[in-house]
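Report on one structure; see the data block that follows.
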Amino acid sequence: EQRQDIKETLAGLNERARIFEATRGDVDVDVLFDLHRDATTATRRHGHIQQEKIGFFTFEGEAVDVDTLGRVLDDLPENVYRAKGFVVTRDGTKLLNYVFGRWTLEETDAKERTQLVFIGKQIDTIQETLLEKLKGCMPKE
């Protein structure tokens with residue numbers, strides 16, 4: 001009954017939002033980020049509709065230096081809305097959550113490779129630069 005009340009409250013806030021039941025946020029990433037769809041949002045400016053392309057890209061790599069990664073995350077531009085994934089560090093694997101300039105790393109038992117997804121408006125314009133910065137987070141051996 002409590003779940004149904006929560007669903008109804010959420011639907012009242014945003015009737016178009018999809019609601020997923022999950023335990024501790026365990027939702028398939030492809031479903032969560034709708035990675036198999038070309039997402040576009042419409043905004044109204046001065047009486048006409050302008051399309052804003054929302055895109056994504058992924059990064060995979062080995063262990064990263066947390067301090068260097070932190071500087072990269074702190075310097076992300078405003079058009080990067082979200083980043084999420086697994087980060088392998090010398091202290092084990094962490095779950096990265098980045099939302100509009102704020103980020104956290106949480107303990108997790110998952111994954112043995114760094115795997116991240118970045119989501120934002122016109123993100124393709126910074127993709128190559130950001131991928132180079134992310135590669136720079138991996139310590140040279």
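Every read-out reported here was derived from the displayed coordinates using simple, explicitly stated rules and does not represent laboratory data. For clarity, every value in this text was computed on a predicted model and none was experimentally measured. A quick note on method: Cβ atoms are made from the backbone with ideal geometry, for glycine too, and the neighbour counts reach across all protein chains shown.
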> How far, in nm, would the chain grow between Thr108 and Ile6 when pulled straight, counting 0.36 nm per residue and subtracting the alpha carbon separation?
Replying inline: 34.0 nm
> Say each of Phe100 and Gln127 gets a label point 7 Å from the Cα, pointing the same way as Cα to Cβ; how far apart are those two points in nm?
Replying inline: 2.6 nm
> Quick one: which of Lys53/Lys94; Lys94/Lys135; Lys84/Lys121; Lys84/Lys135; Lys84/Lys140 span more than 22 angstrom between C-alpha atoms?
Replying inline: Lys53/Lys94; Lys84/Lys140
>> Please report the projected area of region 56-129's Cα convex hull averaged over all directions, in nm².
In response: 4.4 nm²
